[in-house]
Amino acid sequence: MLIIARPVEACPSLFPKLIDLCKAYAEVGTPKQAKNAVRCLYVNVPEQRGQIFTEMLETLRGTLSPHSEHYRTAIVTLGHLAHNLPDAFPVHIKNIVSRKIVKELLVREGGGGASAPQGEWCEEEELPEETRCKLEGLKCMARWLLGLKRDELSAQKTFRMLNAFIVHKGDLLQQNQLSKAEMAHLRLAAGAAMLKICEQKGVGDQYTAEQFYNLSHLMIDEVPQVRELFAAKLHKGLSKAFNSYRVVHEYRLKKLERAVSQLPHILPDYMLVFAVPVLAHDPNFTAYDNIAQLKVIKQCLWFILEPLITRNDFYCYGFYKNLVERMKNHKDAIHENDDSFNFKLWAVCDLAMSVIWSRSTNYEMREFPTDARIPTMYFSPQPDFFVNTRVFLPPELQFQAKKVVQQIDRAPKKRNRGVPDRENTNDVEPSEASDTQIMLPGLEHPPETDLDEPQPKRALSD
């Protein structure tokens, strides 16, 4: 059967039916239906957005309650309304998020119970309804911030709450009522929300270094599914979460000079300045001289550096050397006066340089287009005269260049002599050394001995 689709504008008589259907989906449909309904209304009826979405917000007042059977749908609808129309109802939506989402949902006691799943992981459909509503509440906060774009204060508060979910392993109130599976889903949702917010410049730049390190700990979470799903979320957002797309956007619009000046600083090689502090703050890295732990760190560094060194036609050894040396001349930004953290940071720098030395095939020291930048969020600068020359690696992990020694044997090879033939030899030996002295013409007298010194010399000695 052939289906020929026509644009909505070609059927104006369908608009009233479309609006009523989408409003019904957004209010009493499934969460997925609500999401698509809000987007459909936003795209297809721009002239009536204000009136339609105002009516929907009034309806949400009654359904945004834990006692409503459409509670989860209302949370999803609110999040997408806030994302698509951030400037239409800024104060109204902010109050709803603060009161209905944060106070009455995320900070509310509850969870666990007889319906809670057993084990450390389960599918989302197996979670209790209250926990599933909390997951949607975390997504709602992220969508709201993405719509605001520039509300830095709200972003800082949101990052603190999301960070608390991660630090407390998903149990925000620490009441030990949630099951392990619920806690795993909650901290994963908090981490995914942080990644989503970081895609937007402005609000996405309001996290702290400590929150960044805590977020990275989800990569080594105790639950394998949390690690895998978080890594998938991170991989999906890499293409739009960092400055490359921001710079391209500025380049295409009006800030050409500024965009071009930023290009050298968004190269993949610069990821080393983020990888080093993250590895130094690995909770499993407890001592800077622990060989077993350092070997794991070394494997991580090589995993990062391998494509940058071996598969990069523009690889510049001098750039990496300068970058690592500059990092080593800084301190940890969070624990500036704690030697245990600084030593671990410097040990990772030494380890990175060891990997670069051992794996590089070209040691060209050509100039890089720009100076290596060290982010002050993770590195605290030292005095100008400070030079860190100490090696913090155990001898077993220090790079040792292989010395190729070529032995040149200039002497002829000695032939193996057998047992000497005694028949044609004699065994006569001189009785004294003087019997074998060579006498030259004019020197008939033998040289003087110690006992027969010349008279002048003997007189002086006497």
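The values are calculated or read from the model by the stated rules, or taken from the named source; none is laboratory data. In this text the structure is predicted, and so the values were computed from the model without any measurement. Neighbour counts are summed over all protein chains in view; Cβ atoms, including those assigned to glycine, are modelled from backbone coordinates with ideal geometry.
Below is a table of values for the structure above.
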| read-out | value |
| --- | --- |
| Matching residues, the range 36-48, being farther than 15 Å from L21 by Cα and either surrounded by 19 or more Cβ atoms within 10 Å (Cβ to Cβ) or among the charged types (D, E, K, R) (or both) | E47 |
| Output for the range 114-125, where each listed residue is touching a residue at least 40 places away in the same chain (Cβ under 8 Å) and either farther than 8 Å from A181 by Cβ or outside any loop (DSSP other than H, G, I, E, B) (or both) | E124 |
| Every residue from the range 329-354 that is touching a Phe, Trp or Tyr at 6+ places or on another chain (Cβ under 7 Å), surrounded by 23 or more Cβ atoms within 10 Å (Cβ to Cβ) and either of a type in the set (A, V, I, L, M, F, W, C) or under 15 Å from V391 (Cβ atoms) (or both) | K344, W346, A347 |
| Top-ranked residue in the range 148-168 [being aliphatic (A, V, I, L, M) and within 22 Å of the chain's Cα centre (by Cα); ranked as farthest from A82 (Cα to Cα)] | V167 |
| Positions within the range 31-52 being of a type outside the set (S, T, Y), within 21 Å of P12 (Cβ to Cβ) and touching a residue at least 12 places away in the same chain (Cβ under 8 Å), in sequence order | A37, R39, C40, L41, N44, V45, Q48, R49, G50, I52 |
| Single match in D332, D338 (criterion: over 17 Å from L294 (Cα atoms) and under 18 Å from the mean Cα position of the chain (by Cα)) | D332 |
| Residue match in the range 252-273 (condition: of a type outside the set (F, W, Y), surrounded by 12 or more Cβ atoms within 10 Å (Cβ to Cβ) and modelled with pLDDT of 90 or more) | yes |
| Number of the exception - R160 against (1) of a type in the set (K, R); (2) within 24 Å of A280 (Cβ to Cβ); (3) surrounded by 19 or more Cβ atoms within 10 Å (Cβ to Cβ) | (3) |
| Pair list, Cβ < 6 Å and 6+ apart or interchain, from the range 289-314 residues that are within 22 Å of R366 (Cβ to Cβ) to residues that are surrounded by fewer than 16 Cβ atoms within 10 Å (Cβ to Cβ) | I309/R359 |
| Selection count where residues are touching a Gly at 6+ places or on another chain (Cβ under 7 Å) and modelled with pLDDT under 95, scope the range 153-178 | 2 |
| Positions within the range 81-92 being under 33 Å from the mean Cα position of the chain (by Cα), in a helix (DSSP H, G or I) and surrounded by fewer than 24 Cβ atoms within 10 Å (Cβ to Cβ), in sequence order | H83, N84 |
| Residue in the range 315-328 that is surrounded by fewer than 13 Cβ atoms within 10 Å (Cβ to Cβ) and over 15 Å from A275 (Cα atoms) present | no |
| Qualifying residue in the range 66-73 (condition: buried (at least 17 other Cβ atoms within 10 Å of the Cβ), over 14 Å from A34 (Cβ atoms) and in contact (Cβ under 8 Å) with a residue 24 or more places away in the chain) | no |
| Residue pairs meeting the criteria (Cβ under 6 Å; at least 6 apart or on separate chains; first within 13 Å of A193 (Cα to Cα), in the range 222-235; second crowded, with 16+ Cβ neighbours inside 10 Å and among the small types (G, A, S)) | F230/G191; K233/A192 |
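Per-residue answers, yes or no, for (1) more than 22 Å from H281 (Cα to Cα); (2) in contact with a strand residue (DSSP E or B) (Cβ under 6 Å, 6 or more places away or on another chain); (3) of a type in the set (V, I, T); (4) in a helix (DSSP H, G or I):
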site	(1), (2), (3), (4)
Q177	yes, no, no, no
M183	yes, no, no, yes
K196	yes, no, no, yes
K201	yes, no, no, no
F212	no, no, no, yes
M219	no, no, no, yes
V226	no, no, yes, yes
A231	no, no, no, yes
K236	yes, no, no, yes
